[in-house]
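Here the structure is laid out as structure tokens; the discussion comes afterwards.
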């Protein structure tokens, strides 16, 4: 009994079509001229820039505020006459918390809209997804979030902190406070895992003990067991690299277990004013954070930024480090373009070295070699009013060192 | 030993959360066959109800207590609306309810984002529920977990009594056991369906209030919980509550002990493997309603 | 209980009985060949002429989704198994291909870039090694997902886990797979996945000409899969599959083993998803857990539902339409597109159960009464099936 009746002619024909397609075209010659990149369209009296953030999905909780502060910077620059006499025209796209979507939208912004630069991305995964797109098309991305380092793309400017501007100073602070042992808690993705590798190397070189290391899947809200483990470890401090939602569950559990900022302080590197607002000072008061900027950072530039942000988005909206870094990134791009006298990507990159800007966080300087920013590191304490006040700072901007080359203990990391 | 007991309690409390979420599903999915992916968004509605009430009633304890019935009604009403507008048309196509309610859940998430903003919102827990009780031997038991355990227990008892004793409960059971016979006996099955959906969705609202004590309150808070809850109902067996109760606690303890011995990721995978293995043994779940159908 | 009186096989035949005498087998075949020729012309000539390089690469991506959809159409539309975990098979195929391409990019004896960054390994892990050979990696993109589907399918179908139970189980599988992949960052790239894939068997993927070639391969594969599926659907096996969907017990009593019948469709669908994943990698240059989990798995199914689950072309058109709508809506309305997407799902699935394909049928026949047989199902048969 034949189970399949014949339609062999058809199947054969289709296979032929497929085979023909395979051989049809494709050039093995690596003629590099074909991928010369796309030049931005600056022919009119406006210049387009792309904004690429997640407006939907799990990451929208963080990325929407970054979009808001980029828009604020663009409006301010336009009100002051634009860049090289052209008004900035923002083109917004939704990355939808999905990495391939980020890549698709980046390509669309570069090739269809022909933007002069793109501002955005939050997670390392989204940055890794778009990196080849920007390199292939020779277009510029300004990435505004602190990250795990170990990267240096010629087409990305990193305006958030790299590890030696946030994590290492945070550890220095803990060491100075006399912490001898740490427990590491993080979300299960690239930043925490890499950060914890660095922390372990640091701890080994500085006589600190790492008593445990636990990861929760992104978005996980079940921290009963991890808190039990942390508590029974008796560590001097917890280093927390949890992301987003998980922090809320972790700190609620932490307090329920009877742990406090005095009995076992937590240093967090992903909790800014916005997160404090969503977790609640009830759970966070007295806990530590490591960043480069707080809403309370003194200075005229910050007063102006905070006032402008609140005027535009509401008095109850706090400002935070990634928002500030995103805001600064637009101004840095403007300064680079003006120094270069053109929107041309290569010229902008060449002009970038040594650009300074009086940012809300203080003076920042672009390091042309790494395309990172020299920033001042700060450790802050969460207050009862939901704001974070500085308890320590590095005194001067720290030169970015994404591969930690100047730290002997980090030799085996990269 | 201390750690062991502490972990056992953690497991039980994970189970209580699962139970609270799964209880509503046990009704809508277990009794009616509707796969409601928007159940997670009803949980979210319950949590946001707590948030809104707290803007009005600042005393955290009172607002939490008042939120329980209010969230039940809010989420229940959303459920009824969903039932009337969409699910009513889909009883003949249970698998399609999954896809339709998935679309609904996308819409509800975006709605929450537009109403309350993308960032998570904050509720204050009453001070009493942020502490813990120290037992002899260094064991601490978190008060919020105890509260949720009590809430889950209360919900199970209330639901059981309601199904056993009240006329509505009798009708619900009759419809589940034999819809056609119930209909010819004069039961308005459509109305019973609606009430079942109201109660099931309302339970999600209560779960949402409880979750404000544990986790974040944001637009996507429901999505992470829904699959685990469905698994509880599937493994527990359809048409009965006791399976759901037992399986919720069993999975909670399994996950907590797995997580303690390895990592949370491995524990989650372990739970899944255990479920597939269990369904090999009892494909209809732990307990199942005996019917005369061929299936 | 209208279906009881009817012979199960003819009751399930998607062709309305009235249409049969008019269209003989030869005419059927002619229509099929003409349809394929039209499709080929559209994909190979019209699309490349009309679309920019960027849009063509997007179309390549949609066509990959369409391949998954064909498989779901077979397993779900014809076989009644709501496969909500197709992301897993898509991912297996994608990862198998991406692992090979990463190794090829790194060059012989070298480790992929991300492993040097995140892994604490001195050498390539053992389970990566076979993927260095294209002779292993290429068949693995299809056979690996099929093997996983075979194991899972033979476990659950034999124990008669079906309907909603099966759907939820396959969803849980997708969730577990994502957690597993993310947990092994050093060897799988974690949440990042495998990114920055440069070459495709010696062809530089940055070159637009080669991107076009990848598109042609994808379009050709899609047509071949369509031909294969049409073949399957029209065979005796195809009739048996529909019979199992509509009355599993009756088929059992007739002497067939429904578990095996279902298993074949499920495994074939998994193979198609794997192939789609493998071709997705050169088209997009990335594979990550974001393409595997519950959300993409449901979106695959929704495309099928919107197109028309039990037809041959419906799933393809639906998948392309949904993916295209996602791009177009999110470009035009970045803030509100999720409302529109959600509404689209709700309205089509709730009010047009046959999907867009049934619109064509309705227009052609002019009345809603003669719906295709696979839609005429009583509440009871469906309850039995679940």
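The values are calculated or read from the model by the stated rules, or taken from the named source; none is laboratory data. Keep in mind it's a predicted model, so treat the numbers as computed, not measured. With ideal geometry, Cβ positions are generated from the backbone for all residues, glycine too; neighbour counts draw on all protein chains shown.
Please give the helices (runs of 4 or more DSSP H) falling wholly within the stretch B:1-86 in which 1 or more residues are in contact with a strand residue (DSSP E or B) (Cβ under 9 Å, 6 or more places away or on another chain) and surrounded by 24 or more Cβ atoms within 10 Å (Cβ to Cβ). Explain how you work it out, then say what you get.
Numbers: elements: B:2-25, B:39-56, B:60-85.
Once the helices (runs of 4 or more DSSP H) in the stretch B:1-86 are filtered for at least 1 residues that are in contact with a strand residue (DSSP E or B) (Cβ under 9 Å, 6 or more places away or on another chain) and surrounded by 24 or more Cβ atoms within 10 Å (Cβ to Cβ), what remains is B:2-25, B:39-56.
Taking the numbered list (1) more than 9 Å from chain B (Cβ to nearest Cβ); (2) free of Cβ contacts under 8 Å to residues at least 40 places away in the same chain; (3) surrounded by 22 or more Cβ atoms within 10 Å (Cβ to Cβ) in turn, residue C:332 passes all entries but (3). Taking the conditions exactly as written (facing chain B (nearest Cβ under 10 Å) and crowded, with 24+ Cβ neighbours inside 10 Å), does residue A:252 satisfy them or not? Yes: the conditions hold for residue A:252. Among the residues making up the stretch B:214-242, those that are assigned to a loop (DSSP other than H, G, I, E, B) and buried (at least 24 other Cβ atoms within 10 Å of the Cβ) are B:215, B:216, B:218, B:219, B:220, B:221, B:222. For the stretch A:313-338, the tally of residues that are in contact with a helix residue (DSSP H, G or I) (Cβ under 7 Å, 6 or more places away or on another chain) and either over 26 Å from residue A:123 (Cα atoms) or in the same structural domain as residue A:383 (by TED's automatic domain parsing) (or both) stands at 1. Filtering the stretch C:276-327 to residues that are within 30 Å of residue C:105 (Cα to Cα) and assigned to a loop (DSSP other than H, G, I, E, B) leaves C:285, C:286, C:288, C:292, C:293.
Is it the case that residue C:273 is part of a helix (DSSP H, G or I), more than 10 Å from chain A (Cβ to nearest Cβ) and at pLDDT 95 or above?
Working: part of a helix (DSSP H, G or I): yes; more than 10 Å from chain A (Cβ to nearest Cβ): yes; at pLDDT 95 or above: yes.
Answer is yes for this residue.
Among the residues of the stretch A:258-273, is any in a helix (DSSP H, G or I) and modelled with pLDDT of 90 or more? Yes, the stretch A:258-273 has at least one match.
In the stretch C:187-196, of all residues being at the interface with chain A (Cβ under 8 Å from one of its Cβ atoms) and in a loop (DSSP other than H, G, I, E, B), the one that is farthest from the chain's Cα centre (by Cα) corresponds to C:196. Which ones in the stretch C:214-253 are surrounded by fewer than 19 Cβ atoms within 10 Å (Cβ to Cβ) and away from chain A (no Cβ under 14 Å)? Within the stretch C:214-253, C:249, C:250, C:252, C:253 qualify. Run residue C:179 past the list (1) facing chain A (nearest Cβ under 7 Å); (2) at pLDDT 90 or above; (3) within 30 Å of residue C:163 (Cβ to Cβ) and report the number of the one that doesn't hold. Condition (2) is where residue C:179 drops out. Does any residue of the stretch A:146-166 turn out to be in a helix (DSSP H, G or I) and without any contact (Cβ under 8 Å) to a residue 40 or more places away in the chain? No, the conditions are met nowhere in the stretch A:146-166.
Restricting attention to the stretch B:277-287 and to residues that are facing chain C (nearest Cβ under 8 Å) and surrounded by fewer than 19 Cβ atoms within 10 Å (Cβ to Cβ), the residue that is nearest to residue A:189 (Cα to Cα) turns out to be B:280. Within the stretch C:81-99, identify whether any single residue is farther than 22 Å from residue C:185 by Cβ and in a helix (DSSP H, G or I), and answer yes or no. Scanning the stretch C:81-99 turns up at least one residue that is farther than 22 Å from residue C:185 by Cβ and in a helix (DSSP H, G or I). Between a residue in the stretch A:247-266 that is on the phi > 0 side of the Ramachandran plot and any residue that is assigned to a helix (DSSP H, G or I), which pairs come within a Cβ distance under 9 Å, given they are 6 or more apart or on different chains? Partner pairs satisfying both residue conditions: A:258/A:231.
State yes or no: is residue B:104 crowded, with 22+ Cβ neighbours inside 10 Å, touching a residue at least 40 places away in the same chain (Cβ under 8 Å) and within 22 Å of the chain's Cα centre (by Cα)?
Details: crowded, with 22+ Cβ neighbours inside 10 Å: yes; touching a residue at least 40 places away in the same chain (Cβ under 8 Å): yes; within 22 Å of the chain's Cα centre (by Cα): yes.
The answer is yes for residue B:104.
Scanning the stretch A:41-59 for residues that are assigned to a strand (DSSP E or B) and crowded, with 19+ Cβ neighbours inside 10 Å yields A:47, A:48, A:49, A:50, A:51, A:52, A:53. Among residues of the stretch A:281-299 being surrounded by fewer than 20 Cβ atoms within 10 Å (Cβ to Cβ) and in contact (Cβ under 8 Å) with a residue 24 or more places away in the chain, the one that is farthest from the other protein chains (Cβ to nearest Cβ) is A:299. Once the stretch B:108-140 is narrowed to residues that are crowded, with 18+ Cβ neighbours inside 10 Å, more than 7 Å from chain A (Cβ to nearest Cβ) and touching a strand residue (DSSP E or B) at 6+ places or on another chain (Cβ under 9 Å), the residue that is nearest to residue A:316 (Cα to Cα) is B:123.
For the stretch B:77-93, the set of residues classified as within 7 Å of chain C (Cβ to nearest Cβ), out of contact with any helix residue (DSSP H, G or I) (no Cβ under 6 Å at 6 or more places or on another chain) and within 22 Å of residue B:227 (Cβ to Cβ) consists of B:93 only. Say we look at the stretch A:117-130 and pick out the residues that are modelled with pLDDT under 95 and assigned to a loop (DSSP other than H, G, I, E, B); which of these is farthest from residue A:158 (Cα to Cα)? If we take residues in the stretch A:117-130 being modelled with pLDDT under 95 and assigned to a loop (DSSP other than H, G, I, E, B), then A:123 is farthest from residue A:158 (Cα to Cα). Could you tell me whether any residue of the stretch A:33-40 is outside any loop (DSSP other than H, G, I, E, B), over 31 Å from the mean Cα position of the chain (by Cα), within 12 Å of chain C (Cβ to nearest Cβ) and at pLDDT below 90? Yes, the stretch A:33-40 has at least one match. Just one of the listed residues (C:214, C:268, C:244, C:264) is at pLDDT 90 or above, in contact with a strand residue (DSSP E or B) (Cβ under 7 Å, 6 or more places away or on another chain) and assigned to a helix (DSSP H, G or I), namely C:214.
Of all the listed residues (C:282, C:289, C:296, C:258), the sole one being away from chain A (no Cβ under 12 Å), touching a helix residue (DSSP H, G or I) at 6+ places or on another chain (Cβ under 8 Å) and either in contact (Cβ under 8 Å) with a residue 40 or more places away in the chain or within 29 Å of residue B:35 (Cβ to Cβ) (or both) is C:258.
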